Amino acid sequence: MARLRTAMDSTFWDLNVSSPRNLEGSARAIPGEPFPLDGARASRALRIQQVSLLGNGFPLGIIPSFGPTAHKELGSFALQTLLLRPETANWWLGLIGQFRPKKLISSIKAEFSNGGEWELPGFKDVAKHFMEKSLYSLGLSSQLALSPSSSIMLSTEGHGERKGRRHKMMLFQKLPNHDITLEAAWPELFIDHKGQYWDVPESISLDLSSLVSESGLRYRFGLHKNSGHPQALNAKNGEAPLALLPGLCAKAAFSYEKGRDFWRQKEKEEDVMVKTDRGLFWRPSYDARLNEPHSAISGIIGGTCAAWFGGSESLVAAASREDEEVSLNAKKRSPLSADLFGSVCYTFQHGNFRKPYGDLTRVDARLDICSASAFARRVLNGLKRSSVNSAENPLSSPRLNLILQQQIAGPIAFRVDSRVLLDSSSGRCGPHVEDFIYSLSYSLRLLQSGKVVAWYSPKRKEGMIELRVFEF
């Protein structure tokens, strides 16, 4: 199934979206915005762990990524590698490095061009370009297991072309039926549904989340604190999202999900055993989550309530700050709010993803209602709101998420994630594609449901290679 739990996870501040903007490899989705694409959700594995494992399959352990920067001379192409990773039984330390070659190549090329016809640049002239700090980025991460059920992670990273560093701390405690997470970042990187990035100087979250019960009930409580004014990194719109403005927020959410199969072909023992001249061999599916053809429907419904404290002085400001191009949002943030959300998904899968060719075709169609109150107001208004009003409240229109997966050969599969806005927006009439992501994956049988994924987002003009595990 397409991830139904995204509906509730999107209401909090810790939903990770894959991004090459930092060495952590992810940015936070902003609460109160449309649910992100399933294909955009970041891997559950830490980026430094991904680079460590992916390096075994790439020349010299170098992994490429693609993402624009504020300095166009640096280019979008970057190379990452793991420089150091000592470890013990309950502790590890990792140093990851990134290099952007475009500026270096251009500088050396210009050095040769500026020389005379018979004059070649000296070694020092060429070497100085390698010392340009804007070409390099370094990230240091460390994780310590305090007990079998708790751990703490610290990380810091610096980019040569930017001032300051990024710091992050995460404390995780696993209980029998709950998970407790404390996270803090200085600053924290967020991304909105338009693909625009924002830096919040200080972001601290404390969350208690229940595990999904057999009945399908799940609940979550959290405290979140923003400090400092959010800064736009590539935003075309000068208004910062309300959820990123300074203040303390207490939030609670619950959800109930249920699914039903129209039909399902259960995997049998003889299906995974192949008889050859040399005897019987075990040949499971390339992905344990894609081993049964089926047709099914599932749904989730839930609610949230939130209370904001402080930060009211920031909400009345409408003028831009002199040293920034970002204006504080003049819309009033309600101190108390409550809402409902829901999603319904239909899935059809053909094939077991076991044979070399033509053994997987899968379609997921998920309809999202991000805010029942905003949608209800729109319906009561007779669906006659202008495109300007729709842009001011992006949650008022339902969205249809479509996922198509097709096996190409063996463990290699092609996937397209798209989000269709079922409304007139930005001057367009009728439903239109709001966002989409292409990806190519190579499934790893040894990981049961792990895969190497290379994705590209035309909207953000970004792409990465990731290792993802159990992403359903």
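The values are calculated or read from the model by the stated rules, or taken from the named source; none is laboratory data. A quick note: this is a predicted structure, and the numbers were derived from the prediction, not measured. Here the Cβ positions follow ideal geometry from the backbone for every residue, glycine too, while neighbour counts run over all protein chains shown. Just so you know, the surface numbers come from the protein's heavy atoms only, side chains and all, with ligands and any DNA or RNA stripped out. Shrake-Rupley method; radii C 1.70, N 1.55, O 1.52, S 1.80 Å.
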(message) Could you tell me how many of the residues in the range 14-26 are closer than 24 Å to Cys305 by Cα and touching a residue at least 60 places away in the same chain (Cβ under 8 Å)?
(response) 2
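Report yes if Leu206 is free of Cβ contacts under 8 Å to residues at least 60 places away in the same chain, closer than 22 Å to Ala29 by Cβ and under 24 Å from the mean Cα position of the chain (by Cα), otherwise no. Outline the logic, then answer.
Working: free of Cβ contacts under 8 Å to residues at least 60 places away in the same chain: yes; closer than 22 Å to Ala29 by Cβ: yes; under 24 Å from the mean Cα position of the chain (by Cα): yes.
So Leu206 fits the description; yes.
Quick check, is Ala89 of a type in the set (A, V, I, L, M) and free of Cβ contacts under 8 Å to residues at least 24 places away in the same chain? First the steps, then the outcome.
Working: of a type in the set (A, V, I, L, M): yes; free of Cβ contacts under 8 Å to residues at least 24 places away in the same chain: yes.
For Ala89, the condition - of a type in the set (A, V, I, L, M) and free of Cβ contacts under 8 Å to residues at least 24 places away in the same chain - is met.
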(message) Just checking: which of the strands (runs of 3 or more DSSP E) contained wholly in the range 1-91 hold 2 or more residues that are small (Gly, Ala, Ser) and either under 16 Å from the mean Cα position of the chain (by Cα) or under 30 Å from Ser147 (Cβ atoms) (or both)?
(response) 26-29
(request) Determine the pairs where a residue that is in contact (Cβ under 8 Å) with a residue 40 or more places away in the chain, located within the range 171-192, has a partner that is open to solvent by 60 Å² or more (accessible area, probe 1.4 Å) and part of a strand (DSSP E or B) with Cβ atoms under 6 Å apart, the partner being 6 or more residues away or on another chain. (result) Thr181/Phe172
(message) Can you tell me which of (1) β-branched (Val, Ile, Thr); (2) modelled with pLDDT of 95 or more; (3) open to solvent by 40 Å² or more (accessible area, probe 1.4 Å) is the one Thr304 doesn't meet?
(response) (3)
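For Leu53, indicate whether it is touching a Leu at 6+ places or on another chain (Cβ under 8 Å) and farther than 30 Å from His193 by Cβ. Before the answer, list the steps.
Working: touching a Leu at 6+ places or on another chain (Cβ under 8 Å): yes; farther than 30 Å from His193 by Cβ: yes.
When the stated conditions are applied, Leu53 passes them.
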(request) Have a look at Glu257, Glu239 and point out the one that is modelled with pLDDT under 95, over 22 Å from the mean Cα position of the chain (by Cα) and closer than 21 Å to Ser337 by Cβ. (result) Glu239
(request) Test Gly67 against the stated conditions and say whether it is open to solvent by 40 Å² or more (accessible area, probe 1.4 Å), touching a residue at least 12 places away in the same chain (Cβ under 8 Å) and small (Gly, Ala, Ser). (result) no
(request) Select from the range 182-203 the residues that are touching a strand residue (DSSP E or B) at 6+ places or on another chain (Cβ under 8 Å) and among the basic types (Lys, Arg) and list them in ascending order. (result) none
(message) Out of the residues in the range 145-160 meeting the condition of being surrounded by 15 or more Cβ atoms within 10 Å (Cβ to Cβ) and among the hydroxyl-bearing types (Ser, Thr, Tyr), tell me which one is farthest from Ala184 (Cα to Cα).
(response) Ser151
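Here is a yes/no grid of residues against (1) open to solvent by less than 40 Å² (accessible area, probe 1.4 Å); (2) modelled with pLDDT of 85 or more; (3) not polar (S, T, N, Q):
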{"residue": "Leu74", "(1), (2), (3)": "yes, yes, yes"}
{"residue": "Phe77", "(1), (2), (3)": "no, yes, yes"}
{"residue": "Leu82", "(1), (2), (3)": "no, yes, yes"}
{"residue": "Asn90", "(1), (2), (3)": "no, yes, no"}
{"residue": "Arg100", "(1), (2), (3)": "yes, yes, yes"}
{"residue": "Ser107", "(1), (2), (3)": "yes, no, no"}
{"residue": "Asn114", "(1), (2), (3)": "no, no, no"}
{"residue": "Leu135", "(1), (2), (3)": "yes, yes, yes"}
{"residue": "Leu140", "(1), (2), (3)": "no, yes, yes"}
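Name the residues in the range 194-227 that are β-branched (Val, Ile, Thr) and either touching a Gly at 6+ places or on another chain (Cβ under 9 Å) or within 21 Å of Glu33 (Cβ to Cβ) (or both), would you? Let's see the steps before the verdict.
Initially, the range 194-227 is screened for residues β-branched (Val, Ile, Thr), giving 200, 204, 212.
Passing the criteria: Val200, Ile204.
Kindly indicate which of Leu383, Leu440, Leu404 is modelled with pLDDT under 95 and either farther than 27 Å from Thr69 by Cβ or in contact with a strand residue (DSSP E or B) (Cβ under 7 Å, 6 or more places away or on another chain) (or both). I'd like the intermediate steps shown before the answer.
Details: Leu440 fails: modelled with pLDDT under 95; Leu404 fails: modelled with pLDDT under 95.
The unique qualifying residue is Leu383.
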(request) Could you give me the residue pairs with C-beta distances under 7 Å whose first residue belongs to the range 443-472 and is under 16 Å from Gln407 (Cβ atoms) and of a type in the set (Phe, Trp, Tyr), whose second residue is open to solvent by less than 70 Å² (accessible area, probe 1.4 Å) and at pLDDT 95 or above wherever it lies, and which are 6+ apart or on separate chains? (result) none
(request) Scan (1) out of contact with any Ser or Thr (no Cβ under 7 Å at 6 or more places or on another chain); (2) modelled with pLDDT of 95 or more; (3) open to solvent by less than 20 Å² (accessible area, probe 1.4 Å); (4) farther than 23 Å from Ser76 by Cβ for the single condition Gly410 breaks and write down its number. (result) (2)
